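Comments concern the structure below.
The values are calculated or read from the model by the stated rules, or taken from the named source; none is laboratory data. On a predicted model such as this, the values are computed, not experimentally measured, just so you know. Cβ coordinates were reconstructed from backbone atoms using ideal geometry, including for glycine residues, and neighbour counts include every protein chain displayed.
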Amino acid sequence: MSIVITGATGQLGGLVIKHLLDRAVPAGQIIAVVRNVEKASSLAELGVEVRYGDYNDRESLEKAFAGASKLLFVPSPDAHDETLRILQHANVAKAAKDAQVGQIAYYGYAFGETSKLSLATTHILTEGIIRTTGIPFTFLRNPLYTDVFVSPQSVGAAVQYGALVANAGAGRVHSAYRYDLALAGAVVLTEEGHENQVYNLAANTTWSFEELAAAIAKVSGKAVVYNPISFDEQKALLLQAGLPEGVAIMVAAINQSVADGETSQTSNDLKALIGSLTSLEEIVRQSLQA
Ligand SMILES: NC(=O)c1ccc[n+]([C@@H]2O[C@H](COP(=O)([O-])OP(=O)(O)OC[C@H]3O[C@@H](n4cnc5c(N)ncnc54)[C@H](OP(=O)(O)O)[C@@H]3O)[C@@H](O)[C@H]2O)c1
């Protein structure tokens, strides 16, 4: 058996490989597909086979996928250009079909059909493209990562200024920790019975920004309150912090989707796959210690 992972030099793909190794999958059965082979030297040292493959180069992907029993397809990060991302994802699907891959697990977007975010359109289209290959699939629909909202930088700034500032209104968030989502991928790749299944990997509980501020205050021992702002104020703050306009708009749009209630729907799928989810407080603690 060989398990091929794309995006293996990234955070999610790297964590999936860690979980596969922890689940006693021999390193020799794992193939990391990367666009920068040098960047994957630590994986090669572990005994993982490293192959070159670029989402923009279908032929390189077909070669990289040769002999794959299972393919874990991590989506492209080029979310600044969703049209390009659809082309890249079609390259992956066509290459998988031509390389006669046995099964594809794809990380999409939770409850994507009801989201107004353009990134959700890409994920739903990609699922459709994968279905056209006829290859048995597992759709692992990720929610927003908790890591998007709770990072060493964001928690550190909240502690420093005593305020968590975002245009998330009173919305509730069904996010999950990237680490937990990677474990779900490793479970699907190492267990039977997940063919042609669609899993919405949103958490089974939600949190609000007010609750996040309270968690940061509790863990840090410092006063932290939530300060809700508007979309335009959020965008201006991010531009002032030096982010490119496209990124500032994307972050403000993600927060707005929280304010608009898009991230409030829960699911038991992630819990059913991995058992228990990392708590918000624990993620805050890890962020403060990082
Ligand atoms: N749900 C969420 O909240 C959320 C948040 C952020 C991202 N995402 C999505 O989830 C994916 C995985 O997240 P992540 O945190 O692991 O992102 P990440 O750390 O940025 O990893 C992205 C991976 O894609 C690889 N890649 C980029 N362009 C490529 C190309 N043209 N051909 C082949 N590989 C390419 C990168 O390679 P290099 O190492 O060479 O750059 C890296 O290995 C992202 O790509 C994005 O689609 C979801």
Practice item. Go through (1) hydrophobic (A, V, I, L, M, F, W, C); (2) modelled with pLDDT under 95; (3) farther than 30 Å from VAL247 by Cβ and name the single condition ILE3 misses. Key: (2)
Check your understanding: Which ones in segment 101-149 are over 24 Å from ILE31 (Cβ atoms), more than 16 Å from the ligand (Cβ to nearest atom) and hydrophobic (A, V, I, L, M, F, W, C)?
Key -> none
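When you go through GLU127, GLU113, GLU59 one by one, which is the residue that is in contact with a strand residue (DSSP E or B) (Cβ under 7 Å, 6 or more places away or on another chain), not in a strand (DSSP E or B) and not hydroxyl-bearing (Ser, Thr, Tyr)?
Values: GLU113 fails: in contact with a strand residue (DSSP E or B) (Cβ under 7 Å, 6 or more places away or on another chain); GLU59 fails: in contact with a strand residue (DSSP E or B) (Cβ under 7 Å, 6 or more places away or on another chain).
Just one listed residue meets the conditions, GLU127.
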Check your understanding: When only residues in segment 1-59 that are of a type in the set (Asp, Glu) and within 11 Å of the ligand (Cβ to nearest atom) count, which is nearest to the chain's Cα centre (by Cα)?
Key -> ASP54
Practice item. Select from segment 150-170 the residues that are of a type outside the set (Ser, Thr, Tyr) and within 16 Å of the ligand (Cβ to nearest atom) and write down the one among them that is farthest from VAL101 (Cα to Cα). Key: ALA166
Exercise for review: Kindly provide the set of residues from segment 60-81 that are within 12 Å of the ligand (Cβ to nearest atom) and either among the hydrophobic types (A, V, I, L, M, F, W, C) or crowded, with 18+ Cβ neighbours inside 10 Å (or both), ordered by number.
Suggested key: SER60, LEU61, ALA64, LEU72, PHE73, VAL74, PRO75, SER76, ALA79
